[in-house]
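Since the structure comes first, as C-alpha cells, the remarks are kept for the end.
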Amino acid sequence: MSRVTIYGINACDTMKKARAWLEEHGVGHDFHDYKTAGIDRARLQAWISAVGWETLLNRSGTTFRKLPDSDKQGLDEARAMALMLAQPSMIRRPVLESGKGAPLVGFRAEAYAARFP
C-alpha cells in the first residue's frame, strides 16, 4: 500500500486520534501541518470539489467563532475558500488523502477501517 497523507494541525486532539489509528493499523502516512506549512489553493479547491466547502469549513472551531459576524454571513464557496486559505486552522481536521476516492474529512474509526480494511 502506498503512503497516505494526513493534513491538519499537530496539537489537535482529533489529529492525534487519527494518527494513532493509522499507526495501530500499520498504515504508513506523511503528516502535513497546514498551520505551519499552509495549504495551496489547488489542493483546497480539489477538496472542495470532492467533498464541498460546507464539509471542510470548521464552523465550530475557535478561529471561525472569533470572526466578526460580517465575515460569517452570506458564506459561499469563494468566501469560505478565502477564509480557509487565510487561516488554515478553519479547515476541519484531519483531511486524509489516500489516493482512493474522495479525501476523508474528520476522524471516524469506521470510515478509516472501511478505507483501509
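Going by the conditions given, is Arg3 among the basic types (Lys, Arg) and surrounded by 14 or more Cβ atoms within 10 Å (Cβ to Cβ)?
Judged against the criteria, Arg3 is not a match.
Scan the range 99-116 for residues that are exposed (fewer than 14 other Cβ atoms within 10 Å of the Cβ) and not in a loop (DSSP other than H, G, I, E, B) and report the count.
Final tally of qualifying residues: 5.
Could you say whether any residue in the range 47-70 is within 27 Å of Arg3 (Cβ to Cβ), small (Gly, Ala, Ser) and free of Cβ contacts under 8 Å to residues at least 12 places away in the same chain?
The answer is yes; a qualifying residue exists.
Spot the failing condition for Gly74; the list is (1) assigned to a loop (DSSP other than H, G, I, E, B); (2) more than 30 Å from His25 (Cβ to Cβ); (3) open to solvent by 80 Å² or more (accessible area, probe 1.4 Å), and only one is missed.
Going through the list (1) assigned to a loop (DSSP other than H, G, I, E, B); (2) more than 30 Å from His25 (Cβ to Cβ); (3) open to solvent by 80 Å² or more (accessible area, probe 1.4 Å), Gly74 breaks only (3).
Name the pairs: first residue in the range 104-117 and closer than 15 Å to Glu23 by Cα and in contact (Cβ under 8 Å) with a residue 40 or more places away in the chain, second residue assigned to a helix (DSSP H, G or I) and of a type in the set (Ser, Thr, Tyr), Cβ to Cβ under 6 Å, at least 6 apart or on different chains?
Phe107/Thr14
Is it fair to say Leu96 is surrounded by 14 or more Cβ atoms within 10 Å (Cβ to Cβ) and within 30 Å of Pro117 (Cβ to Cβ)? I'd like the intermediate steps shown before the answer.
On the way: surrounded by 14 or more Cβ atoms within 10 Å (Cβ to Cβ): yes; within 30 Å of Pro117 (Cβ to Cβ): yes.
Criteria met by Leu96.
For the range 16-24, check the following and say yes or no: at least one residue is within 20 Å of Ala111 (Cα to Cα), open to solvent by less than 80 Å² (accessible area, probe 1.4 Å) and of a type in the set (Asp, Glu).
Keep residues of the range 16-24 that are within 20 Å of Ala111 (Cα to Cα), which gives 16-24.
Checking which are open to solvent by less than 80 Å² (accessible area, probe 1.4 Å) leaves us with 18-22.
Okay, now just the ones that are also of a type in the set (Asp, Glu), so none.
No; the residues of the range 16-24 include none that is within 20 Å of Ala111 (Cα to Cα), open to solvent by less than 80 Å² (accessible area, probe 1.4 Å) and of a type in the set (Asp, Glu).
The values are calculated or read from the model by the stated rules, or taken from the named source; none is laboratory data. What you see is a predicted model, and the numbers here were worked out from it, not measured in a lab. In this analysis, Cβ positions are derived from the backbone assuming ideal geometry, glycine residues included, and neighbour counts consider all displayed protein chains. These accessible areas exclude ligands, DNA and RNA; they are computed on the full protein's heavy atoms, side chains included. Shrake-Rupley method; radii C 1.70, N 1.55, O 1.52, S 1.80 Å.
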